Each structure stands twice: as C-alpha cells, then as structure tokens.
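Note sheet for the following structure.
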Amino acid sequence: MNPFLEVKDITKYFNGPAGSKQIIFEDLSFFISEEHNITSILAPFGAGKTTLLKILSGLDYDYKGDLLLNGGKIKNKFPFIPEKPTSFPWLNVSGNIRLIMNILEKEERLSQIKFQEVIDLTGLTSYEDHFPCNKSYGFRFRISLARALVVSPKIILLDDPFKLMDSETKDEIFELIKKIASVKKIKFLIATSNITEAALLSDKILIINGKPGYLSGEIIIDKYKHRLEQLKDDIQEILQKENLNNATNFSI
C-alpha cells in the first residue's frame, strides 16, 4: 500500500512543575494509505489523541519528528474539528461559512458555486439563514464540516465529535462523512475512545495506548464486511493482550 500520510517518530512532552517532564508520545509512527479514506485512532481517554490531532493541524508546533504527505513535508496543515462545535453563534450558517471564504479570498477567488457546493454537500440547503445557537450538535457539526471543506483539504481531523450526539444523529453524520470521503476524495482521521464508532465508520483502525503513547495494533476493515461483532471481538482481543480492556478507558 502506498503511504499517503506518514507520521514518523513523533515525540511530544509537556513540562510539569519543578522541572518534571510528562511524555505524551515517544517515537510514535504510523501511516495512512491511499486506499483508506476513513481512519480511526482508537485510544483510551487521556492517551493524547487531541494532542496528536493538534500537531497534525498545525495548532501545536512544539514536537519532534516528521509529518509527510505523499512523501514530502507538509506545507499546509489540516482543518481540525474539536469535540464541541466551533461555529460562531452570532453568525448564521451562511455567515459562518463565508467568514472562512473571505479570509481565503486574499489568496484565491472562491465563487458562489463553491459556497453552494459545500452547503448542498453538508445537508445545509435551505438553512443558510439559521443561527447555530440552540441547534443540535449534529447541525452545528455540519457547519464546522462545511467550514473545513471550504479550504479544499486533503484530510479533515475530527476529535471525538460524536460523543454529544444522539444515536439517530450519529448515524446520519456517519453516512455524511462516508459520502464526502467518497465524492470529494477527502480523507478523514478520527480520534475516538468508542470501539463501535471506530468499527462502524473506519476503513482502518489504529490502536494507540500508553503514556507515552505507542501503536499497539492496527486493523484493516475490508476482511470484516458484514461481520461487525467479529471485528469488535478482535479489537477487544488486542486490548486484552495489552491489558487495556478497562471500562474507564474505552466505551463500546
């Protein structure tokens, strides 16, 4: 398989009180191939999933190691959608999206066609004048996703965004992500501690554990077509071998 995104020997630590050092990752390496549109990082709570996504997004530059895209150094980092919605409540749907477009227009002209494309693709058609405040997490996630799509990204990073959604909304968003990945050829890297979410949504699952974090296993979903329970059992087996099968660390 051809590596699309390579994370090579990433080391990250935080300085604690009295000169102590908290190591989050030490020489962490993995890759995402061209063949896999949706990859999940399945890791326990507190294992540094958010930190890793912030490094990939360019929000955190204080690390050692290399990030490669198609074999070359990454010039523009990737949009990052956090757990809680980031839309501006005082702007309507249209205003939230056009704010990003207005910033980009300094470098490239983005047309009304581009605006309408992301509105239609994210299911926000006819909601352009609605405000995100008091709306569902699914609705607000669609706005964040539309804002990310405006920049024509190679990869979109999602940090456990489904935790606050009800099951019906979650199913709708899963299908939306799969559609966008297929239609726009955009890859998604999703951080989660939920085994079922990773199993239902991903083409590939990377299991990261420990402090410092390390890659303890990976699963390619292809061979599990229509065998969800077997997939979940195999994930559980990896966790048990690593002594990770703890309800406080993962959800199902």
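The values are calculated or read from the model by the stated rules, or taken from the named source; none is laboratory data. As the structure is a prediction and not an experimental result, all values here were calculated from the model. Quick reminder, even Gly has a Cβ in these numbers, built from the backbone with ideal geometry, and neighbours come from all protein chains shown. Accessible surface areas use protein heavy atoms only, side chains included; no ligands, DNA or RNA. Shrake-Rupley method; radii C 1.70, N 1.55, O 1.52, S 1.80 Å.
Among residues of the stretch 119-138 that are closer than 19 Å to SER152 by Cα, those with a Cβ under 6 angstrom from a residue that is hydrophobic (A, V, I, L, M, F, W, C), sequence gap 6+ or separate chain, pair up as THR122/LEU145; THR122/ALA146; LEU124/VAL93. So is ASP27 touching a strand residue (DSSP E or B) at 6+ places or on another chain (Cβ under 7 Å), surrounded by fewer than 16 Cβ atoms within 10 Å (Cβ to Cβ) and on the phi > 0 side of the Ramachandran plot or not? Here the answer is yes, as ASP27 does meet what is asked.
In the stretch 176-216, how many are assigned to a strand (DSSP E or B) and either open to solvent by 10 Å² or more (accessible area, probe 1.4 Å) or of a type outside the set (D, E, K, R) (or both)? Looking only at that region, the number is 16. Applying a threshold of 7 Å to beta carbon distances and a minimum spacing of six or more residues, or different chains, the list of pairs starting in the stretch 212-229 at a residue that is at positive phi and modelled with pLDDT of 85 or more and ending at one that is of a type outside the set (A, V, I, L, M) and open to solvent by 60 Å² or more (accessible area, probe 1.4 Å) is empty. For the stretch 27-34, check the following and say yes or no: at least one residue is farther than 20 Å from GLU218 by Cα and without any contact (Cβ under 8 Å) to a residue 40 or more places away in the chain. No: the stretch 27-34 contains no residue that is farther than 20 Å from GLU218 by Cα and without any contact (Cβ under 8 Å) to a residue 40 or more places away in the chain. Taking first residues from the stretch 1-18 that are farther than 15 Å from LEU69 by Cβ and partners that are of a type in the set (S, T, N, Q) and assigned to a strand (DSSP E or B), the Cβ contacts under 9 Å between residues at least 6 apart in sequence or on separate chains come to MET1/SER33; ASP9/SER29; TYR13/GLN22; PHE14/GLN22; ASN15/GLN22; GLY16/GLN22. The single residue among PRO89, PRO85 that is touching a Cys at 6+ places or on another chain (Cβ under 7 Å) and at pLDDT below 90 turns out to be PRO89. Report whether or not GLY138 is on the phi > 0 side of the Ramachandran plot and more than 14 Å from the chain's Cα centre (by Cα). Answer is no for this residue. Condition check: under 16 Å from the mean Cα position of the chain (by Cα) and either part of a loop (DSSP other than H, G, I, E, B) or surrounded by fewer than 16 Cβ atoms within 10 Å (Cβ to Cβ) (or both). Does GLU168 satisfy that? Against the criterion (under 16 Å from the mean Cα position of the chain (by Cα) and either part of a loop (DSSP other than H, G, I, E, B) or surrounded by fewer than 16 Cβ atoms within 10 Å (Cβ to Cβ) (or both)), GLU168 does not qualify. Residues of the stretch 156-182 being more than 16 Å from LEU53 (Cβ to Cβ) and acidic (Asp, Glu), which ones? The answer is ASP166, GLU168, ASP171, GLU172, GLU175.
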